[in-house]
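Enquirer: Quick one: this structure, given as structure tokens, is what I'll be asking you about.
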Amino acid sequence: MKPIQCIVTTGHKYNAAVVQTAKQKAAELNLLFIIRDNLSIESLRAIYQTKFVLVVKKTELVLTTPEGDFFFHPNMAQLRLKNLIKGQKDNMIEAMQLKPGMEVLDCTLGMASDAIIASFIVGTTGRVVGVEANPLMATVIQDGLNKFLTVEPLGLQSAMRRVEVIQQDYENYLKLVPDQSFDVVYFDPMFRHPLKESLHLLPLRALADHRAVTIEAINEARRVARHCVVMKENSRSLEFVRLGANRVVGGKYSHVHYGIIDVNVNS
């Protein structure tokens, strides 16, 4: 049998609605739907010679990878939001100079933590669009943003629901966006030199886009942004210089900094 990139199945406990959802996801992603029949994920991988299995459960989507399970959880956003409510500073918000009503384009959505925080700050009068190149990641994250239930901290759930997910390569998407469409254009690429290889990030690293941000993408982002382009990187990274950041912000003891390109809309 020819190897398949990914198949779609259900969890062990499923009903007709779950099966219907799984078939719908398979159709949307142009993937093969497989009836579970009590088979283990390992057995399905072996039979269909696939690395990835998208498992549709009653309450969530889980993408199983050889490096572990990839699923949505607002853990980092939850912690950051609690700190914000306590009055603590968030370096990303400071770098973006975010205020209610602003519009943010997150070109590297990933787990959506930064997009959720931005959505909380810009509120109901603002807008946050997250672009994700990997269709499997985009599907899992969008489903989680739409369905994950939480009562605390107050405002987290509504912030998640407001994030708009676009499944596309950000370089292509930027070219389609009119001039000055967003206040802030944001990049959080996979670091050129990871700070620490955490086990829970292994599935993300297996799925994520590892390309460095190009000068061409930055030029498009400058055109699209009304106020600034912001990029997140290792505090010792040379990417800030290469991509033309005119200032860098971040905590004194933080290993993560934000490079900022202020956009002069009158130029």
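Enquirer: With axes computed from alpha carbons, what is the tilt in degrees of helix 75-85 against the longest principal axis of the chain, rounded to the nearest 10 within 0 to 90?
Expert: Its long axis makes an angle of about 40 degrees.
Enquirer: Most mobile of Ile121, Ile85, Ile218 per a Gaussian network model of the chain (Cα springs, under 10 Å)?
Expert: In the Gaussian network model the winner is Ile85.
Enquirer: Okay, moving on. Taking the Cα centroid of the stretch 156-187 and of the stretch 208-241, what is the distance between the two, rounded to the nearest whole Å?
Expert: So the two Cα centres are separated by 14 Å.
Enquirer: Quick one: which residues, 5+ away or cross-chain, put their amide H under 5 Å from the amide H of Val128? H built at 1.01 Å from N.
Expert: Answer set, sorted by chain and number: Val104, Glu164.
Enquirer: Which of Asn83, Pro66, Val56 sits closest to the plus end of the dipole of the stretch 38-97, meaning its Cα is farthest towards the positive end, when Lys and Arg get +1 and Asp and Glu get -1 on the C-beta?
Expert: Asn83
Enquirer: Quick query: amide H of Arg36 versus all other amide H atoms, modeled in the peptide plane; which residues come in under 5 Å with a sequence gap of 5 or more or a different chain?
Expert: Amide H to amide H, under 5 Å and 5 or more residues apart or across chains, Arg36 pairs with Thr10.
Enquirer: On to the next question. Averaging sequence separations of C-alpha pairs under 8 Å and six or more residues apart, then dividing by the length of the chain, give the relative contact order as a whole percent. Let's see the in-between values first.
Expert: Details: 493 pairs, mean separation 41.1, N = 267.
It rounds to 15 percent for the chain.
Enquirer: Calculate the length of the line joining the C-alpha centroid of the stretch 41-58 to that of the stretch 126-153, in whole Å.
Expert: For the stretch 41-58 versus the stretch 126-153, the Cα centre distance is 23 Å.
Enquirer: So, one more: Run down the aspartates and glutamates and flag those whose C-alpha is under 16 Å from the C-alpha of Lys25, throwing out any fewer than 8 positions away in its chain.
Expert: Cross-link targets: Glu60, Asp143.
Enquirer: Moving on. Given a 10 angstrom Cα cut-off, can you work out which residue in Tyr186, Tyr170, Tyr14 is the most mobile in a GNM of the chain?
Expert: Tyr14
Enquirer: Which value at 222 nm does the chain reach when only helices count, each DSSP H run of 4 or more adding -39,500 (n - 2.57), with the total divided by all residues and rounded to the nearest 500 deg cm²/dmol? Could the numbers behind the result be given before it?
Expert: Values: 11 runs with 96 residues, N = 267.
Here the helix-only value at 222 nm equals -10000 deg cm²/dmol.
Enquirer: Taking a 21 Å limit on the Cα-Cα distance, which of the listed pairs Lys58/Lys147; Lys89/Lys232; Lys51/Lys232; Lys99/Lys252; Lys99/Lys147 fall beyond it?
Expert: Correct reply: Lys51/Lys232; Lys99/Lys252; Lys99/Lys147.
Enquirer: Now for a different question. Looking at the stretch 215-255, which trypsin sites (Lys or Arg not before Pro) are DSSP coil and have at most 14 other C-beta atoms within 10 Å of their C-beta?
Expert: Answer by residue number: Arg236, Lys252.
Enquirer: What relative contact order, as a whole-number percentage, does the stretch 6-58 give when Cα pairs under 8 Å and 6 or more residues apart are counted? Write out the running numbers ahead of the final one.
Expert: Working: 71 pairs, mean separation 30.1, N = 53.
Worked out over the stretch 6-58, it gives 57 percent.
Every read-out reported here was derived from the displayed coordinates using simple, explicitly stated rules and does not represent laboratory data. Note that this is a predicted model, so its numbers are computed, not measured. Neighbour counts run over all protein chains shown; Cβ positions are idealised from the backbone, glycine included.
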